[in-house]
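Nothing in this text is a laboratory measurement; each read-out follows from the coordinates by a stated rule. These numbers come from a predicted model, not from an experiment. For neighbour counting, all protein chains shown are included, and Cβ atoms are generated from backbone atoms with ideal geometry for every residue, glycine included.
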Amino acid sequence: MNSNKVLGSILLSMAACIWGGMFVVVKIIVGEIHPIQLVWLRYLVAILFLIIVSIIKKEQWHLNWKDLRLVFLIGIIGNTISIVAQETGTWLSSAQTGAVITSATPTFMVIFAWLILKEKLNRVKIISVIMATLGVILIVGIHLTGSNILWGVLSLIVAALTWALMSVLIKKVTSYSSLQITIMSTIVAIICLTPFVLTDTASLGRINFFEPKVILCLLYLGLISTAMAFVMWNQGLTMVNASASGLFFLLQPIVGTLLSWLLLGENITIGFIIGTILILGSVWVSIRFSD
């Protein structure tokens with residue numbers, strides 16, 4: 001492996017590990033900040049960093065109305081609905097559940113790639129989708145201990161599906177760089193979420209932004225998890241081939257589960273492990289045996 005591949009592997013691994021830790025951070029802070037407000041705040045932090053990076057890179061901006069419509073959809077589906085559903089689901093269930101269920105995203109992408117991009121849906125892809133579905137069902141069955149848990153799991157499934165859809169839509173955007181897409185879709189999300197945040201300014205005003213825990217969590221979610229990890233992931237993708245890079249995504253649920261066990265005291269049950277193996281196995285099958 002040459003130096004570029006080594007550096008690319010390191011960047012992809014760091015991004016995936018950061019996203020795994022994100023679920024634990026959300027679980028820690030979401031009890032004090034409502035999920036919608038938390039998403040809005042993390043995007044405000046992230047957009048400042050992303051714009052600075054764009055300026056440093058001296059990227060050239062232009063208008064393409066066809067791709068702008070796609071970016072608008074990406075901002076609503078991925079940056080708004082998916083992230084709110086993800087943090088809501090983590091809030092109502094657990095960091096482990098959030099990390100594992102959303103790890104099915106690459107497999108769900110197979111379905112949307114078939115529907116939208118007309119990619120071939122072969123036997124291997126169908127098997128991987130079935131494995132992911134069984135894994136999710138098993139986790140749902142194991143965790144049906146209350147209405148909030150059920151809604152949490154359903155929210156996480158919505159998060160995985162919408163993020164997969166967004167990821168496929170991004171492939172149709174050809175006029176803008178990944179960084180530009182992220183900046184524009186983040187702005188769309190901020191605009192969409194602002195009215196909901198402004199309807200409850202009282203609770204927003206009760207947030208102690210000088211509390212170390214709040215500051216550190218927002219910096220992690222906005223600067224590290226939303227902005228920096230995205231930059232590292234996309235840089236890594238330019239150094240490692242696409243099929244191999246997908247394997248690094250598997251570090252996310254592993255890190256999320258281990259950190260939630262170590263820091264939050266969440267239990268790791270046999271049923272949860274089996275569901276995890278099925279979902280991770282489905283992703284591996286789709287990557288390993290893809291055309």
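Set the Förster radius R0 to 25 Å, insert the Cβ-Cβ distance between L68 and T194 as r into 1/(1 + (r/R0)^6), and round the FRET efficiency to 0.05.
It comes out at approximately 0.80.
Find the percent of Cα-Cα distances in the chain that exceed 27 Å, and round it to a whole number.
Beyond 27 Å sits 39 percent of the P(r) for the chain.
Placing +1 on the Cβ of each Lys and Arg and -1 on the Cβ of each Asp and Glu in the chain, which of V6, L161, G265 has its Cα farthest towards the positive end of the resulting dipole?
Highest projection toward the positive end goes to V6.
How large is the helix-only mean residue ellipticity at 222 nm for the chain, computed as the sum of -39500 (n - 2.57) over DSSP H runs with n ≥ 4, divided by its residue count, in deg cm²/dmol to the nearest 500?
-24000 deg cm²/dmol
So if I take the centroid of the Cα atoms in segment 84-109 and the same for segment 36-68, what is the distance between those two points in Å?
24 Å
Can you list which of the trypsin sites (Lys or Arg not before Pro) found in segment 1-110 are DSSP loop residues with at most 16 other C-beta atoms within 10 Å?
K58
Which of the peptides 99-106, 272-279, 173-180 is most tightly packed, and how do the rest follow, judged by the mean count of other Cβ atoms within 10 Å per residue?
Values: 99-106: 27.4, 272-279: 20.1, 173-180: 17.0.
Highest-to-lowest ranking by the protection proxy: 99-106, 272-279, 173-180.
How large is ³J(HN,Hα) for each residue in segment 151-161, as worked out from phi by the Karplus curve 6.51 cos²θ - 1.76 cosθ + 1.60 (θ = phi - 60°), to whole Hz, x for Gly and Pro?
So the J values, rounded to whole Hz, are 5, x, 5, 4, 5, 5, 5, 4, 4, 5, 5.
Only Cα pairs under 8 Å and at least 6 apart count here; give the relative contact order of segment 3-288 as a rounded whole percent.
Reported relative contact order: 44 percent.
Picking from I51, L63, T201, whose Cα lies most toward the positive end of the charge dipole for segment 3-288 (charges on Cβ: Lys, Arg +1; Asp, Glu -1)?
L63
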